[in-house]
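The values are calculated or read from the model by the stated rules, or taken from the named source; none is laboratory data. Remember, it's a predicted structure, so these values are computed and weren't measured experimentally. A quick note on method: Cβ atoms are made from the backbone with ideal geometry, for glycine too, and the neighbour counts reach across all protein chains shown. Please note that ligands, DNA and RNA were not included when accessible areas were found on the heavy atoms of the full protein model with its side chains. Shrake-Rupley method; radii C 1.70, N 1.55, O 1.52, S 1.80 Å.
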Amino acid sequence: EEDESENDDDIDSDSDGDNSDSDEESDEEEVNETEEKKASSTKQKRPMKRIVRFKTFRSHRGVMEKAWLSIMKLPLPNQALKHALQMLSSQILMKVHNPLRFADFFMNAYGSHSQSVIPMLALDGLFWLMTEKGLE
């Protein structure tokens with residue numbers, strides 16, 4: 001009987017050892033789960049960046065045209081007006097849907113500034129509209 005009880009103690013001690021291993025494993029699993037939850041919660045707390053994508057180049061051109069028309073409605077200082085006229089004539093008019101919408105802006109710039117280079121820049125835009133888009 002004594003031999004059987006010693007064997008039982010050995011089995012119990014072995015099972016305690018197994019339990020301690022499984023306890024360590026479960027502790028590790030709990031730590032890993034906690035770390036994963038923290039990581040996922042920090043990912044969720046980050047603000048989502050809003051990305052605006054234009055579906056087509058055509059919609060991009062329409063937005064660009066609206067932006068430039070809005071700029072043209074502002075009272076621009078002479079230096080900004082010179083720069084805007086140069087940009088419109090050389091780069092923007094070719095890329096917008098309806099460049100004829102800028103004709104009034106060029107006409108106003110031509111008529112309102114008689115003592116500077118601004119009327120010459122406005123004539124450049126008007127000339128392009130006349131030759132390329134049939135402005136009369």
What does the charge add up to near residue 125, with Lys and Arg as +1, Asp and Glu as -1, over the other residues with Cβ less than 13 Å from its Cβ? 0
Please list, by residue number, every one of the chymotrypsin sites (Phe, Trp or Tyr not before Pro) in the range 52-126 that is coil in DSSP and has at most 13 other beta-carbon atoms within 10 Å. 54
Leaving ligands, DNA and RNA out of it, work out the accessible area of residue 96 with a 1.4 Å probe and give it in Å² to the nearest 10. 10 Å²
Can you figure out the FRET efficiency of residue 91 with residue 114, using R₀ = 25 Å and their beta-carbon distance, to the nearest 0.05? 0.40
